[in-house]
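Trainee: My questions will all concern the structure given below.
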Amino acid sequence: TIFNSPPPTTSATRLQSLSSLEFIDPTPLKIPPTHRNTALFQATSVSRTSRTSFCIVPGTPRLDRLGGGRLSAMQTLSETLLTDKHQSLSQTLLTDRQEPSNDSQVTALEKLLDVCTKGEIMHFDQIYPPAEMEGSKKVGEGAFGEVFILGSEGEDRPVLKVIPIDGDIPVNGDNQTTLENMLSEVIISCALSKLRAEGFNTTFGFVEVRKCHVFSGKYPPQLLQLWDEFNKEKKSENERPHNLPVDQKFIALEFNNGGTDLETFVFKNANQALQAWKQVAHTLAVAEEQLQFEHRDLHWGNVLIKET
């Protein structure tokens, strides 16, 4: 499984394509002021030296298999990603690039909410009631957020990534992620997740995004408790997020459990390592062919291994 900061909805319903937009901006590379080692944890891994960086590359247009016409990268992305509830997004994204002076009524926050599971800002307890949080624990961290595994039972306990967004208070010595960068990350990650659906080129190699929500308020007390437990056991490199204001906004991204990161996984034999390499190569090949996708942060902390 290849880990990137993934997406919001799992429906495979197709929407009409975006005919004019050629490029989605990559999440920019950000280097924290001090060196940070890759965090190791059970379910997934977040690079501490940069944000996950990937983009849809314009590249050379390829031929449409059916009609011989040319498909843009954004067309193939939109066909894979968009669902019926997101039809308005196509126009807001196009308007943002083509007619910025007439798009003042559509905010970056509205665009982000349009690709989330719920199109509204929620409270954390509405998304994850206390009963669902029982048995949860913090399993990792990155320079931009914290990662938790939810619940106490089951082999496929979901993984939750919580990232402060659009605020003025620095997080771990760096600026918070902007709404525009978060929108790009969610759209691209969702498209990669949807490559597991039936189609001409498919792969289960990218982590599956199960939910995506925006919530606001102080940092959830139950998550702060899990943060303290992690810090006591492993000594966190992050700053305790208790100082974020009451109107702080967060993105909550829920993924399937992709397994153990390659950095800590121990192969039993050479054949296992070869098969893992083949699966990574196949996953990237599918994404490149289907979405003209280019991964720009494929270190061994972003490759997850699960034995079957």
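The values are calculated or read from the model by the stated rules, or taken from the named source; none is laboratory data. Small disclaimer: the values here were computed from a predicted structure and weren't measured. A quick note on method: Cβ atoms are made from the backbone with ideal geometry, for glycine too, and the neighbour counts reach across all protein chains shown. Calculation scope for accessible area: heavy atoms of the full protein, side chains included, ligands and nucleic acids excluded. Shrake-Rupley method; radii C 1.70, N 1.55, O 1.52, S 1.80 Å.
Trainee: Taking K218 as the residue in question, decide whether it is over 30 Å from Q292 (Cα atoms) and either crowded, with 22+ Cβ neighbours inside 10 Å or hydroxyl-bearing (S, T, Y) (or both).
Mentor: On the way: over 30 Å from Q292 (Cα atoms): yes; either crowded, with 22+ Cβ neighbours inside 10 Å or hydroxyl-bearing (S, T, Y) (or both): no.
Answer is no for this residue.
Trainee: Of all residues in the range 244-270, which are over 26 Å from E208 (Cα atoms), without any contact (Cβ under 8 Å) to a residue 60 or more places away in the chain and either part of a helix (DSSP H, G or I) or under 24 Å from the mean Cα position of the chain (by Cα) (or both)?
Mentor: Of everything in the range 244-270, those that are over 26 Å from E208 (Cα atoms), without any contact (Cβ under 8 Å) to a residue 60 or more places away in the chain and either part of a helix (DSSP H, G or I) or under 24 Å from the mean Cα position of the chain (by Cα) (or both) turn out to be D247, A270.
Trainee: Let me ask something else about it. Of everything in the range 113-124, what is surrounded by 14 or more Cβ atoms within 10 Å (Cβ to Cβ) and closer than 13 Å to F250 by Cα? Give them in sequence order.
Mentor: Those that are surrounded by 14 or more Cβ atoms within 10 Å (Cβ to Cβ) and closer than 13 Å to F250 by Cα: L113, C116, I121, M122, F124.
Trainee: Filter the range 252-283 for residues that are out of contact with any Cys (no Cβ under 9 Å at 6 or more places or on another chain) and charged (D, E, K, R) and give the result.
Mentor: Listed by number, the residues that qualify are D261, E263, K268, K278.
Trainee: Got at least one residue in the range 233-243 being free of Cβ contacts under 8 Å to residues at least 40 places away in the same chain and under 22 Å from the mean Cα position of the chain (by Cα)?
Mentor: No.
Trainee: Based on what the data block shows, is V171 touching a strand residue (DSSP E or B) at 6+ places or on another chain (Cβ under 8 Å), open to solvent by less than 10 Å² (accessible area, probe 1.4 Å) and aliphatic (A, V, I, L, M)? Before you say what the answer is, go through the steps one by one.
Mentor: Values: touching a strand residue (DSSP E or B) at 6+ places or on another chain (Cβ under 8 Å): yes; open to solvent by less than 10 Å² (accessible area, probe 1.4 Å): no; aliphatic (A, V, I, L, M): yes.
Answer is no for this residue.
Trainee: Only one residue in G199, G167, G145 is in contact (Cβ under 8 Å) with a residue 40 or more places away in the chain and more than 21 Å from L113 (Cα to Cα). Which one?
Mentor: G199
Trainee: I'd like to know if the range 195-210 contains one or more residues that are assigned to a helix (DSSP H, G or I) and either farther than 20 Å from E254 by Cα or of a type in the set (A, V, I, L, M) (or both).
Mentor: Checked the range 195-210: at least one residue is assigned to a helix (DSSP H, G or I) and either farther than 20 Å from E254 by Cα or of a type in the set (A, V, I, L, M) (or both).
Trainee: Mind checking whether some residue in the range 285-294 is part of a strand (DSSP E or B), at pLDDT below 95 and out of contact with any helix residue (DSSP H, G or I) (no Cβ under 8 Å at 6 or more places or on another chain)?
Mentor: Checked against the condition, which is being part of a strand (DSSP E or B), at pLDDT below 95 and out of contact with any helix residue (DSSP H, G or I) (no Cβ under 8 Å at 6 or more places or on another chain), the range 285-294 yields no hits at all.
Trainee: Determine which member of the set E146, E132 is assigned to a helix (DSSP H, G or I) and of a type in the set (D, E).
Mentor: E132
Yes/no per residue for (1) open to solvent by 40 Å² or more (accessible area, probe 1.4 Å); (2) among the charged types (D, E, K, R):
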{"residue": "E237", "(1), (2)": "yes, yes"}
{"residue": "F250", "(1), (2)": "no, no"}
{"residue": "V266", "(1), (2)": "yes, no"}
{"residue": "W277", "(1), (2)": "yes, no"}
{"residue": "V280", "(1), (2)": "no, no"}
{"residue": "E288", "(1), (2)": "yes, yes"}
{"residue": "G301", "(1), (2)": "no, no"}
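Trainee: Based on what the data block shows, is L94 modelled with pLDDT of 95 or more, assigned to a helix (DSSP H, G or I) and open to solvent by 10 Å² or more (accessible area, probe 1.4 Å)?
Mentor: Against the criterion (modelled with pLDDT of 95 or more, assigned to a helix (DSSP H, G or I) and open to solvent by 10 Å² or more (accessible area, probe 1.4 Å)), L94 does not qualify.
Trainee: Return the residues of the range 138-155 that are farther than 14 Å from T260 by Cβ and either surrounded by fewer than 24 Cβ atoms within 10 Å (Cβ to Cβ) or not aromatic (F, W, Y) (or both); say none if nothing qualifies.
Mentor: Within the range 138-155, K138, E141, G142, A143, G145, E146, L150, G151, S152, E153, G154 qualify.
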